[in-house]
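S.K.: Here it is, the structure, as structure tokens.
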Amino acid sequence: MTKARTRWPRQRDAEAPTTSGETVAADRVDVVDLETCLSACAAHSTKLVSSLDRRRIALAEALRTLLATHAATVPATSGTSPLPLLRRPAKTSSGSALLLGDALMDPLLAVGDKALDCGYEDEMKLALMVADTVLTQRKRSRAGWRLRARVLEAMGAESAAAAAYERHLELTEEDGFGVASKVAGLREGARLQAELVRRLAAGCPEAREFADRSVTDSWAQGLELHARGARDEARPLLIGTLLGQIAADAPVREIQQTLTHYLGLLREEAGVAGGGSAPTAGRATAGPAGIADPAELDELTALTTLYAEQRRVRMRGPVDDPTFGGVRWLTLGEFRNRIAGKSICLIANSKRVGNSSLGAEIDDYDLVVRFNSYRIDPAATGRRTDIHATIHKHGFNWDQHVDTRLVFGGISGDWKYSLRNRLVPGAQTYLGDESLRWPVRDIGRLSREVWPSIPTSGFNMLWLLDFLDVSPRLDLIGFDFYESGAYRLPAAMRLPITSVHEYTSEKAWVMERAQSVTDTRICLR
């Protein structure tokens with residue numbers, strides 16, 4: 001028999017507070033003054049000096065930026081010693097507390113994001129401290145509530161995370177990050193998980209006798225009995241472990257690990273593919289070819305379906321139409337054929353467009369291309385959007401119906417994950433496939449040595465259209481490379497104009513190919 005990998009459920013005191021369990025409250029933010037948080041960041045920065053982990057290297061850079069920004073904006077306080085990462089000192093008087101100004105807000109949130117990306121316990125605690133620091137001074141910070149929710153979700157405190165996500169939704173007009181779907185998924189996932197555990201417990205009433213025992217001891221004893229073939233004796237102990245974890249508000253990931261292992265054992269017993277081994281010969285309930293009787297198989301199928309569905313909805317939320325409205329995939333060649341011979345305008349998300357009266361002219365083009373978090377004002381921007389070109393990392397305007405949606409992303413796995421979790425059924429007729437995922441790098445073969453910066457969505461789209469060269473008219477409207485500022489959906493206006501792009505190089509590329517240039521229009525054909 002093939003041995004399954006043993007995961008030992010951790011013993012947890014249900015009364016003890018924990019940063020990774022459901023005892024973390026979403027509506028009770030721990031008060032953390034800015035000075036304490038900055039001291040913790042400085043102390044944590046020293047731990048990352050020799051790290052080779054790329055995620056921790058990115059965190060170290062974010063910490064350096066934060067501390068340098070703080071040093072440049074607020075004089076250092078003499079006689080202040082750094083505080084340990086998890087120490088929460090008594091609240092200081094309001095007169096002596098540092099204020100979280102706009103200059104520090106984005107660098108501090110960046111530290112929280114990078115700490116969360118690391119996924120390690122110390123960094124999770126740092127990310128939670130950052131969120132609490134922001135919310136201590138800015139109780140209506142949408143970014144603060146979203147960061148806190150993401151940290152709680154990663155820690156396995158799903159009900160607290162859902163409440164924090166809902167607080168974020170109360171404060172925003174546009175759900176560009178798909179938070180509503182995330183909340184629905186967490187709620188539905190918790191319901192399906194509860195139904196799955198209820199069915200397991202209903203089929204084994206004696207399991208409740210073991211719910212109050214040490215989960216580690218029960219699990220170890222149950223696995224030992226199962227390995228000896230005493231499955232009827234093992235089952236109450238193993239299911240009792242699950243009931244004990246739930247009673248102690250164990251993190252969701254621990255409960256999921258236990259469920260995964262236990263269902264794997266059931267599939268192994270039934271001889272179902274993926275169970276880990278062939279069925280045991282001579283089992284009392286075995287039918288033809290060693291397969292369990294139909295009633296057991298039906299129940300196992302129902303349990304497996306519940307398990308799969310609760311995992312899926314946690315990833316992307318409930319989906320009425322898993323086929324995404326019968327969307328049709330576009331290859332590079334098919335996209336070329338669809339745009340051939342048509343006049344195209346690309347509309348920048350700039351104030352130059354927002355303050356204009358070009359709407360009617362824009363709508364006269366055969367195809368109108370817009371980007372990311374574009375904002376519609378018919379008189380200024382026009383009404384139509386035929387092609388939506390967007391980065392995969394956020395979901396602004398993914399619910400707006402367009403003929404074609406091109407989603408750009410540099411890493412194939414992340415791009416595919418975003419499509420699964422952000423695509424809205426029925427919101428597009430055509431969707432670019434992987435041949436259109438990252439045009440500048442994959443089609444143009446412009447390596448980092450040739451083009452060091454990350455190409456913007458606008459540049460990827462423009463480069464692609466110029467490369468295909470099948471449009472008699474190709475105009476850029478409002479492209480001043482953010483010299484006039486951004487004109488985007490309100491929820492996206494707080495997003496910084498990221499420094500990973502090199503707008504100067506993109507502007508130079510455009511101007512080298514321009515046939516004519518006015519204040520509002522650059523013609524490439």
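The values are calculated or read from the model by the stated rules, or taken from the named source; none is laboratory data. Predicted model, so just to flag it, every value in this text is computed and none were measured. Note that we place each Cβ from the backbone using ideal geometry, even for glycine, and neighbour counts take in every protein chain shown. For the accessible areas, the whole protein counts, side chains as well, though only heavy atoms, and no ligand, DNA or RNA atoms are used. Shrake-Rupley method; radii C 1.70, N 1.55, O 1.52, S 1.80 Å.
S.K.: Can you work out which of the residues in the range 385-409 that are assigned to a loop (DSSP other than H, G, I, E, B) and buried (at least 24 other Cβ atoms within 10 Å of the Cβ) is nearest to the chain's Cα centre (by Cα)?
M.R.: For the range 385-409, the residue satisfying everything is PHE396.
S.K.: Here's something else I'd like to know. Could you go through the range 288-307 and let me know if any residue there is of a type in the set (S, T, N, Q), at pLDDT below 90 and open to solvent by 30 Å² or more (accessible area, probe 1.4 Å).
M.R.: no
S.K.: In the list LEU476, LEU524, LEU465, which residue meets the criterion of being open to solvent by less than 20 Å² (accessible area, probe 1.4 Å) and either within 29 Å of MET315 (Cβ to Cβ) or in contact with a Gly (Cβ under 9 Å, 6 or more places away or on another chain) (or both)?
M.R.: Of the residues listed, the single one that is open to solvent by less than 20 Å² (accessible area, probe 1.4 Å) and either within 29 Å of MET315 (Cβ to Cβ) or in contact with a Gly (Cβ under 9 Å, 6 or more places away or on another chain) (or both) is LEU476.
S.K.: Every residue in the range 366-381 that is basic (Lys, Arg) and farther than 17 Å from ASP403 by Cα, please.
M.R.: If the condition is that a residue be basic (Lys, Arg) and farther than 17 Å from ASP403 by Cα, then ARG375 is the only one that fits.
S.K.: Give the range 50-61 a look and list any residue that's in a helix (DSSP H, G or I), of a type in the set (A, V, I, L, M) and surrounded by fewer than 22 Cβ atoms within 10 Å (Cβ to Cβ), or say none.
M.R.: ILE57, ALA58, ALA60
S.K.: Which ones in the range 372-384 are part of a loop (DSSP other than H, G, I, E, B), open to solvent by 10 Å² or more (accessible area, probe 1.4 Å) and not polar (S, T, N, Q)?
M.R.: TYR374, ARG375, ILE376, ASP377, ARG383, ARG384
S.K.: Among what's in the range 31-49 and is open to solvent by 10 Å² or more (accessible area, probe 1.4 Å) and closer than 13 Å to ASP132 by Cβ, pick the residue that is farthest from the chain's Cα centre (by Cα).
M.R.: Among those residues, the one meeting the criterion is ASP33.
S.K.: Among what's in the range 267-287 and is charged (D, E, K, R) and modelled with pLDDT of 80 or more, pick the residue that is most open to solvent (accessible area, probe 1.4 Å).
M.R.: ARG267
Conditions tested, residue by residue: (1) under 30 Å from the mean Cα position of the chain (by Cα); (2) within 25 Å of ASP377 (Cβ to Cβ).
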site	(1), (2)
VAL440	yes, no
SER447	yes, no
VAL450	no, no
THR456	yes, yes
LEU464	yes, no
ILE477	no, yes
GLU483	no, yes
TYR503	yes, yes
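S.K.: When both residues are 6+ apart or on different chains and their Cβ atoms are under 9 Å apart, which pairs have a first residue that lies in the range 162-179 and is of a type in the set (Gly, Ala, Ser), and a second that is at pLDDT below 85 and not in a helix (DSSP H, G or I)?
M.R.: From the range 162-179, the pairs are ALA162/ALA26; ALA163/ALA25; ALA163/ALA26; ALA163/ASP27; ALA164/ALA26; ALA164/ASP27; GLY176/LEU495; GLY178/GLY317.
S.K.: Quick check on my filter: what residues within the range 430-442 are open to solvent by 40 Å² or more (accessible area, probe 1.4 Å) and in contact (Cβ under 8 Å) with a residue 24 or more places away in the chain?
M.R.: Matches in the range 430-442: SER435 only.
S.K.: Just to confirm my filter: which helices (runs of 4 or more DSSP H) fall fully inside the range 73-187 and include at least 3 residues that are in contact with a Ser or Thr (Cβ under 9 Å, 6 or more places away or on another chain) and at pLDDT below 90?
M.R.: Hits in the range 73-187: none.
S.K.: Can I ask one more? On the given criteria, is ALA491 surrounded by fewer than 20 Cβ atoms within 10 Å (Cβ to Cβ), in contact (Cβ under 8 Å) with a residue 40 or more places away in the chain and more than 24 Å from the chain's Cα centre (by Cα)?
M.R.: So ALA491 does not fit the description; no.
S.K.: In the range 334-362, how many are assigned to a helix (DSSP H, G or I), under 23 Å from ASP466 (Cβ atoms) and open to solvent by less than 40 Å² (accessible area, probe 1.4 Å)?
M.R.: So the count comes out to 4.
S.K.: Quick check on this structure: which one of GLY222, GLY144, GLY156 is open to solvent by less than 30 Å² (accessible area, probe 1.4 Å) and under 27 Å from ASP399 (Cβ atoms)?
M.R.: GLY144
S.K.: Next question, about the same structure. Could you please give the count of residues in the range 107-141 that are closer than 15 Å to VAL29 by Cβ, open to solvent by less than 10 Å² (accessible area, probe 1.4 Å) and charged (D, E, K, R)?
M.R.: Looking only at that region, the number is 1.
S.K.: Now, a different point. For LEU237, which of the numbered conditions (1) open to solvent by less than 20 Å² (accessible area, probe 1.4 Å); (2) closer than 30 Å to LEU489 by Cα; (3) hydrophobic (A, V, I, L, M, F, W, C) fails to hold?
M.R.: Of (1) open to solvent by less than 20 Å² (accessible area, probe 1.4 Å); (2) closer than 30 Å to LEU489 by Cα; (3) hydrophobic (A, V, I, L, M, F, W, C), only one is false for LEU237: (2).
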